[in-house]
1. Only helices (runs of 4 or more DSSP H) wholly contained in the range B:199-296 count here; list those with 2 or more residues that are in contact with a Leu (Cβ under 8 Å, 6 or more places away or on another chain) and closer than 23 Å to B:Asp168 by Cα.
2. Return the pair list, or none, for Cβ contacts closer than 6 Å from residues in the range A:148-167 that are under 10 Å from A:Val118 (Cβ atoms) to residues that are of a type outside the set (A, V, I, L, M) and outside any loop (DSSP other than H, G, I, E, B), at least 6 apart or on different chains.
3. Quickly run through the range B:70-95 and pick out the residues that are more than 17 Å from B:Glu52 (Cα to Cα) and of a type outside the set (D, E, K, R).
4. If you scan the range B:196-222, which residues turn out to be more than 12 Å from chain A (Cβ to nearest Cβ) and within 27 Å of A:Val277 (Cα to Cα)?
5. Scan the range A:240-299 residue by residue and report those that are farther than 20 Å from A:Arg224 by Cα and aromatic (Phe, Trp, Tyr).
6. Do the conditions hold for B:Ala320, that is, is it touching a residue at least 12 places away in the same chain (Cβ under 8 Å), buried (at least 21 other Cβ atoms within 10 Å of the Cβ) and touching a Pro at 6+ places or on another chain (Cβ under 6 Å)?
7. Just wondering, is there one or more residues in the range B:155-171 that are over 19 Å from the mean Cα position of the chain (by Cα), surrounded by fewer than 19 Cβ atoms within 10 Å (Cβ to Cβ) and part of a helix (DSSP H, G or I)?
8. Quick check on my filter: what residues within the range B:256-270 are more than 9 Å from chain A (Cβ to nearest Cβ) and closer than 22 Å to B:Ala242 by Cα?
There are 2 protein chains.
Amino acid sequence: MSDAERTRPVWHPRPQPVADPSLPSRVRVYEVGPRDGLQAEPEILPADVKIELCRRLYASGLGAVELTSFVPARWIPQLADAEEVVGEVEVPEGARGVALVPNVRGLERALAAGVREVSVVVSATETFAQANLNTTLAGALDRAREVIAAASVEGVPVRGYLSMSFGDPWEGSVPIERVADLAAELHGAGAGTVALSDTIGTGTPGHVIEAVERTVAAGVSRERIALHLHDTYGQALGNVQAALRVGITEFDSSTGGLGRCPFAKGATGNLATEDLVWLLHGLGIETGVDLESLVRTSQWMSRTLGRPIASRVATALTAAGVS
Amino acid sequence: MSDAERTRPVWHPRPQPVADPSLPSRVRVYEVGPRDGLQAEPEILPADVKIELCRRLYASGLGAVELTSFVPARWIPQLADAEEVVGEVEVPEGARGVALVPNVRGLERALAAGVREVSVVVSATETFAQANLNTTLAGALDRAREVIAAASVEGVPVRGYLSMSFGDPWEGSVPIERVADLAAELHGAGAGTVALSDTIGTGTPGHVIEAVERTVAAGVSRERIALHLHDTYGQALGNVQAALRVGITEFDSSTGGLGRCPFAKGATGNLATEDLVWLLHGLGIETGVDLESLVRTSQWMSRTLGRPIASRVATALTAAGVS
């Protein structure tokens, strides 16, 4: 057998599913590539590429996609075409098409464009609120309350991100009690889901379990808690597994690992959807997602952006011949 | 605040430890970079670089390092200098310095060079045995038995790898009962530790738990089972967490993620030691390892090999200013 024959796999790898009966049987994958991913890519893509990306993501079976952000173009030029993207992407029956809004003005733009679910960002640390949201921690929460109230009038649900829930690049550690209290405040204000967000990716499994349990103790039920994990320190899937053990069933991820870490040049950002789906399918957990279809989308985005795919699963399956 | 100020972290990130009392309090990290890592790197490094690598790894607190392999140079030219490396590396008091041996001839070379612990490889699949070990599945086991018997005469312990325990690039799925039975045979023959090896990285947590439990049921106690995980599909740390839950306390990894996946060009190979240590320290589990010292070793190896570090933790900490 030649070396080439030896190293050429003849099988399209897939996980060998073994269920863990203590875990949930179905999970919602909340795709953030078009928003959280693309806003962190240095390149500004044309609207038709973004529209095609969203179309492909829904076609792969994803039931929730964060499509864009109605943030002023001077803040995030990558997403300046929010109206056009939302106007052109057809959200399938029963699926969610979400847009991030920074304030009531952004909400008005989103509603005018036809958006039926929005997300808001608050911060678990004072420093991040000041550096990235241009307000205080309390100010960010007030702004979220205004958005939630205005959205509620229109019957539009709001998903709240609690950034820096597991560590902050300026402050270091973040008290878990504060995270739980802020999550409960955000939920109490009307956010239907609170996404505990590991914005810099430093969290580990015991930390995740403790944060979830304290948030539940503070009054947010498990089905109202999502996890938004970054893979900067390679911990995201371990943290997903920990969260599954304590009953969490909604996880954010980005196809192909789109987006980078804004706090560490060259480092990984969002958890890749393919890597998440591999884990879940390996555990026998249903997602409704077609993995190879996602990989093909990542291959296409990789060609479009001219850079390697950040998903380990997509990279390995591409090497194994999936195309 | 300028953009540069906003994105510059002022903190050397580290995990915020939260113990999970159901997990072990201490874990052995078994470093395979100098052997499994370097044998898979295309570049052949000079012996003095390998010696310096091993010296640095022990100096970082690692208590077990697989130093090299006494395999004929025509098979693995990267490790043709096994005698020189073993002769020059001083194994600290109480630490393990292991060498892989393919057969009794290799064992003799290793013993002559002063090695006091060896490892052997057997296969959970017929195809891998034929393609990579140039024998049959049964033949590989016989060869391991011969090595174990000869090593036993000299009072030298043997660690046995069971390759392709969680998937095979030619056969696909691998029956878990077969893995458990082979692990028990290898242990019964005298291998002190059996490393269930996810050589292509396709395993997921339920699969790992099932493989460990069946191996225990087949007669191998938990403290005799190690896990050798590759991160090709990003699953390694999730699998470590699963294994910790069922009482496994020895894990293989490679500093900087040295080594590549021989079955998928461009894909990740060994679990990176830094990523493993981040997880363990985040869980409050003692390892005795100094993380930043490992990162500096990976930075040095990255300059030496002229390629980026494969460890996510080392990449992120480098970006955060660790040097």
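Nothing in this text is a laboratory measurement; each read-out follows from the coordinates by a stated rule. None of the values given here were measured: they were computed from a predicted structure. Reconstructed Cβ throughout: ideal geometry from the backbone, glycine too, with neighbour counts over all protein chains shown.
1. Correct list: B:205-217, B:236-245.
2. Qualifying pairs under 6 Å: A:Pro157/A:Glu117; A:Arg159/A:Ser119; A:Arg159/A:Thr193.
3. Scanning the range B:70-95 gives B:Phe70, B:Val71, B:Pro72, B:Ala73, B:Trp75, B:Ile76, B:Pro77, B:Gly94.
4. Across the range B:196-222, the qualifying residues are B:Leu196, B:Ser197.
5. Scanning the range A:240-299 gives A:Phe263, A:Trp278.
6. yes
7. No: zero hits.
8. Within the range B:256-270, B:Gly257, B:Gly269, B:Asn270 qualify.
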